[in-house]
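The values are calculated or read from the model by the stated rules, or taken from the named source; none is laboratory data. The structure displayed is predicted, hence computed values, not measured ones. Here Cβ is always computed from backbone atoms with ideal geometry, including for glycine, and neighbour counts include all displayed protein chains. Only protein heavy atoms, including side chains, enter the accessible area calculation; ligands, DNA and RNA are left aside. Shrake-Rupley method; radii C 1.70, N 1.55, O 1.52, S 1.80 Å.
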Amino acid sequence: MLRLRSAWTLSRRLRAALLSFSALLVLAVVAIALALRQADRALTDQTSRILPARTAASQLLTSLVDQETGLRGYAITHDRTFLQPYQDGVAAQRVARAQLDTFIRSADAARLELLTVDAAITAWQQEYAELRLRDVLSGSSTTTIDFGRDLFTAVRSSNARLDAALSAEARTAQHQADRDRLLVVVVLGVTALVVAAAVVGLQRALRTNVVLPMRRLGEQVAVVSGGAYDRAIEPLGPPDLREVGEGVESMRRALAQALADVEERERTITRRAAELARSNADLEQFAYVASHDLQEPLRKVASFCQALEQRYGGTFDERGETYLAFAVDGAKRMQVLIRDLLTFSRVGRTSVGFAPMALADVVERAWTGLDARVVESGAELEADLRGREVVGDASLLEMLFSNLLGNAIKYRRPATAPRIRVTAGLEDECLRIDVDDDGIGIPEEYAEKVFVIFQRLHGRDEYEGTGIGLALCKKIVEFHGGRIGLRPSSLGGTCVSFTLPVSAGASRG
C-alpha cells in the first residue's frame, strides 16, 4: 500500500484528475448533444409534419364543405354554375388527401383516424353526393337532404378526431422538446456544479500538495542560505516534490562540504603563509648574513691575498704564485656571486611601488650606466620608443635593461662593433619589448635553459659572469606580471622579448 501510494506523484495525480474531469465533460457534452438532438427532432417533427398535416386536414374539410355547398345550391336552383365549387372542392380534396398521406406515417396514431375520415368521405360521396347529383340531373328524388346532412356530420366528426389526434401528437412533440430542453438545463447546471467543485478541489489539492510543501521548502532553503549550512532540509509533499527537496538537500550537503573544504584550505593557506613569512624572515636573515658576515671575511681574504702577492710575490715559486692567484680570483668571484645573489633575492621585496614612466628614459639611463663598455666596444643602440609608457618599478626596470643591453655588448662577435635595436608594440593589452642584437646568438635548444639561475653556455675563460643575469631578468619581468622568452632575431644574433604593463596614457600607435 505504501509503495502504491508513493507511486502517485504530483504529475500522475494531476493527470488522473484531468482525465476524470475530461471524461465528465465529455459525458456532459454527449448528454447535452443527445438531448438537443431529441429536442430538435421533436420540434422539427412538429413544424415540418404535424402542423402541415393539421393544415392539410383543415383544407380537406374545407374542400368537402365546398362540395356540399355547391351540390346543395345546384339541387335547389338547378343552375350548373353551382357545380363549379363542387368540382373545385373535389380537386382540392385530392391535393389535401395526397398531402395527408405524405405527413401522416403508417405507424402514427392519426393514421387510423385518417382512414376513418376516408371511410366517412367515401360514404358521403357514394351514398349521397353522387346519388343527389344523379337525381337532380334525372329529375327524380331518391335521396333526402337530412340523410346527406347526417353523412356529412360523420365526415366532420371523423375530421375533428383526426385533428385531435394530430393535436395530441403536436402536444407530445412539444412535451418531448420541453423535456429535452429541461434535461439540457439540468445537465448544464450539474456540469457547472461539478466544475465549481473540481476547481475548489483542485485549488485545495494544489495548496496541500504544492503550495504548502514548496513554501516549507523555501523557508528551509532561506534558513540554510542565511548561513545555517548544517541545518538539514526535510523533503515534503508528493514524491516528485520530495525528489526536488532531496536534490536541494544534496546541494546543501555538497555546499557544506565545499565550505568545509574552503575553510580547511584557508587554514592551510594561513599556515603556509605563516611558514612563508618565517621563510622570508629566514631569507632576510640570510641576506643580512650574506651582506655583512660573509662578505667581511671574503674582503679580508682578498685583501690579505693581495697583500701577500704585493709583498712576497717575488719569494714564491711558480706553483705558489699560481695558488695565490687562484685564491685572489676565487675570493673576488665569491664576492661578485654573493652580490648577484643578494640582488636576485631582493627583487620584489625592496620595491618602492609601481608608477607610470617613459620607456625611452629607462632605456637611456640603462645605456648611460654602460658608458665605459659602450665606448670600449663601439656599440650602437637603435631605440624608437617615443610615446611608449610602462608601469613598474623604475630601479628594477633599469636593472632589467642594463642586464639585457650589457649581455648584447658582452656576447658580441669578435672584431665587430655590436649593434643593438630596442622596439616596442602593443600585444594583448600589454607592451611587448624586443631587445635585438647581432651577437653570437643562443642555440634554440637552450632557449629555456638560459633563464635558469647559474646556467651558463660558455666557460669563465671565454666570458665573465655568474650565470644570474637572464634569471634576474626573468624574475623582474614576472614580478611585473609579464613573460619573457627568445624570438628569432632580425639582426642575426639574439632577440630577448618580454611584456610589461602598459600605462593608461600610453600611445596606441
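Looking only at residues in the stretch 249-270 that are open to solvent by 40 Å² or more (accessible area, probe 1.4 Å) and of a type in the set (Lys, Arg), the one that is modelled with the lowest pLDDT is Arg253.
Regarding Leu83, is this residue of a type outside the set (Ser, Thr, Tyr), buried (at least 20 other Cβ atoms within 10 Å of the Cβ) and in a helix (DSSP H, G or I)? Reasoning before the result, please.
On the way: of a type outside the set (Ser, Thr, Tyr): yes; buried (at least 20 other Cβ atoms within 10 Å of the Cβ): no; in a helix (DSSP H, G or I): yes.
For Leu83, the condition - of a type outside the set (Ser, Thr, Tyr), buried (at least 20 other Cβ atoms within 10 Å of the Cβ) and in a helix (DSSP H, G or I) - is not met.
Condition check: closer than 22 Å to Asp45 by Cβ and in a helix (DSSP H, G or I). Does Val117 satisfy that? The answer is yes for Val117.
Filtering the stretch 464-484 to residues that are at pLDDT 85 or above, over 16 Å from Val391 (Cβ atoms) and in a helix (DSSP H, G or I) leaves Cys473, Lys474, Lys475. How many of the residues making up the stretch 150-167 are surrounded by fewer than 16 Cβ atoms within 10 Å (Cβ to Cβ) and modelled with pLDDT under 85? Residues in the stretch 150-167 being surrounded by fewer than 16 Cβ atoms within 10 Å (Cβ to Cβ) and modelled with pLDDT under 85: 1 in total. For the stretch 395-409, the set of residues classified as of a type in the set (Gly, Ala, Ser) and either open to solvent by less than 10 Å² (accessible area, probe 1.4 Å) or in contact (Cβ under 8 Å) with a residue 40 or more places away in the chain (or both) consists of Ser395, Gly406, Ala408, listed by residue number. Scanning the stretch 213-235 for residues that are touching a residue at least 24 places away in the same chain (Cβ under 8 Å) and either touching a Cys at 6+ places or on another chain (Cβ under 9 Å) or open to solvent by 40 Å² or more (accessible area, probe 1.4 Å) (or both) yields Met214, Val221, Tyr229, Asp230. Residues that are in contact (Cβ under 8 Å) with a residue 12 or more places away in the chain and either open to solvent by 80 Å² or more (accessible area, probe 1.4 Å) or over 19 Å from Ala31 (Cα atoms) (or both) within the stretch 191-200 comprise just one, Ala198. Residue-level check: of (1) at pLDDT below 80; (2) part of a loop (DSSP other than H, G, I, E, B), Val450 misses just (2).
Of all the residues in the stretch 410-437, those that are surrounded by fewer than 21 Cβ atoms within 10 Å (Cβ to Cβ) and either over 18 Å from Glu364 (Cβ atoms) or free of Cβ contacts under 8 Å to residues at least 60 places away in the same chain (or both) number 15.
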